[in-house]
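To start, the structure under review is shown below, and the notes come after it.
The values are calculated or read from the model by the stated rules, or taken from the named source; none is laboratory data. Treat the numbers as computed from the prediction; the structure is a model and nothing was measured. All Cβ positions, glycine included, derive from the backbone under ideal geometry; neighbour counts span all protein chains shown.
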Amino acid sequence: MSGAVGLLAGAFFGVLWWGVSWALGAQAFGIWGRSAVTGLLAAIVTGILITAISIPTYRRASARALYWYSPLSVYAAILIYGLAIFVLRHLLDDFAANQARWAVGLQSILGMWWGITVLVPLAKTAAVATSCKCPSTPLSAGKVKSVPPPASALIPPAKNADRHSQR
């Protein structure tokens, strides 16, 4: 993939990132400020930067290193996304008078990190648990025709068992 096509793909996936963020309620939580365009521009910047970092990393790194890079790149993308939103909101003066600007930026990044670290695995666990087709009663309720013998029937008695039983 050439550099320009890769960066264009990164911008496209940044827009998809923004769509996911929008679908999960970023506007409702005030992460973007007053305008969803702030989130869209930050998402495009995030997509381009992560792509610019990832293309050479995936070409040069070993498979074992990529096991670490792949999940860590999600945290890096959230950091870039949160910082880009903070910078854009700062440039547009898109903060309420009573807001500590640095705290708003830090809160959005930490909130997104917490969401992917705790809430996503918890939601996946709940989804798996609710979709389990485990029967609450045994499959065959009725007469049991064959019962395996107890383990003691399969074990030969000890040689000195007779001496001990006669005492």
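Odds and ends about this structure:
- Number of the exception - Phe12 against (1) in contact with a Phe, Trp or Tyr (Cβ under 9 Å, 6 or more places away or on another chain); (2) modelled with pLDDT of 90 or more; (3) among the aromatic types (Phe, Trp, Tyr): (1)
- The single condition among (1) surrounded by fewer than 16 Cβ atoms within 10 Å (Cβ to Cβ); (2) over 22 Å from Leu106 (Cβ atoms) that Ile44 does not meet is (1).
- Qualifying position, being of a type in the set (Gly, Ala, Ser), at pLDDT below 85 and at negative phi, among Ala61, Ala26: Ala26
- Neighbours by Cβ (under 8 Å, 6+ apart or cross-chain): first from the stretch 81-100, on the phi < 0 side of the Ramachandran plot; second part of a loop (DSSP other than H, G, I, E, B) and surrounded by fewer than 20 Cβ atoms within 10 Å (Cβ to Cβ): Leu88/Asp94; Arg89/Phe95; Leu92/Ser35; Asp94/Arg34; Asp94/Ser35
- Checked against the criterion of being touching a residue at least 12 places away in the same chain (Cβ under 8 Å), crowded, with 16+ Cβ neighbours inside 10 Å and in a loop (DSSP other than H, G, I, E, B), the candidates Trp32, Trp18 yield just one match: Trp32.
- Ala153 vs. criteria of a type outside the set (Lys, Arg), at negative phi and modelled with pLDDT of 80 or more: no
- Members of the stretch 99-129 that are of a type in the set (D, E, K, R) and over 12 Å from Phe86 (Cβ atoms): Lys124
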